[in-house]
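Shown next, in structure tokens, is the structure this report addresses.
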Amino acid sequence: EPEVTQTPSHQVTQMGQEVILRCVPISNHLYFYWYRQILGQKVEFLVSFYNNEISEKSEIFDDQFSVERPDGSNFTLKIRSTKLEDSAMYFCASISFYEQYFGPGTRLTVT
Amino acid sequence: QKEVEQDPGPLSVPEGAIVSLNCTYSNSAFQYFMWYRQYSRKGPELLMYTYSSGNKEDGRFTAQVDKSSKYISLFIRDSQPSDSATYLCAAPYGGATNKLIFGTGTLLAVQP
């Protein structure tokens, strides 16, 4: 069964460093998303992406964040200058009809 | 933005029990509802989605939507220890391809 994959599973970085989180959505899906979940809190929306452009972004998704689909399979989230409060699980998702499928997540730890 | 609310639990039941998990929502624009299961430090796994009011059954799981009272339920029959997880309800904000608004999740523990 096709699934969303994410790499790395765990990323440790120092405050101020850039990180790139990678996702491979399910191949025939057209809408892609990034969500994050701070430990003990709700899953919250960051950004949606369709037809090679951002369709919606949340207040969290400020100028430090960017997304890209560099080729036909990968979907990346870049954080330019990480802060301590960026520590969270980051989930990629893609959609088929009404069903959003999530990847296993990347745990980002900012020290 | 408390548009989808859940009792965080934890909810502890004996193996074989029928489990009832509930959500309420405030936005009448929500038309679709999803239930996800999330194991600790893993991604949400889609269990079911529903569109209209009424029941939808899939194996041991039944999702129920009452749009008149803005109430969503997930029933698990013959619960198993492997069902122990956090259950999240979610609704897309606007159309079906829009961002999902999640509840806080209910932590379920099924005791063998």
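The values are calculated or read from the model by the stated rules, or taken from the named source; none is laboratory data. For clarity, every value in this text was computed on a predicted model and none was experimentally measured. Backbone-built Cβ (ideal geometry, glycine too); neighbour counts: all protein chains shown.
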- Item | Qualifying strands (runs of 3 or more DSSP E) (wholly inside the stretch B:25-103; at least 2 residues being more than 24 Å from B:P10 (Cα to Cα)) | B:54-58
- Positions within the stretch A:35-64 being more than 10 Å from chain B (Cβ to nearest Cβ), under 28 Å from B:P8 (Cβ atoms) and either in contact (Cβ under 8 Å) with a residue 60 or more places away in the chain or part of a strand (DSSP E or B) (or both), in sequence order: A:R36
- Message: Of the residues A:S27, A:S66, A:S73, A:S58, only one is among the polar types (S, T, N, Q) and in contact with a Phe, Trp or Tyr (Cβ under 7 Å, 6 or more places away or on another chain); which?
- Response: A:S58
- Note on the structure: Checked pairs for the stretch B:1-12, first in a loop (DSSP other than H, G, I, E, B), second modelled with pLDDT under 90, C-beta under 8 Å and 6 or more apart or across chains, list as B:E3/B:N27; B:E3/B:F30; B:E3/B:Y93
- Task: Provide a single number: the residues in the stretch B:68-112 that are in contact with a Lys or Arg (Cβ under 6 Å, 6 or more places away or on another chain), at pLDDT 95 or above and surrounded by fewer than 19 Cβ atoms within 10 Å (Cβ to Cβ).
- Result: 2
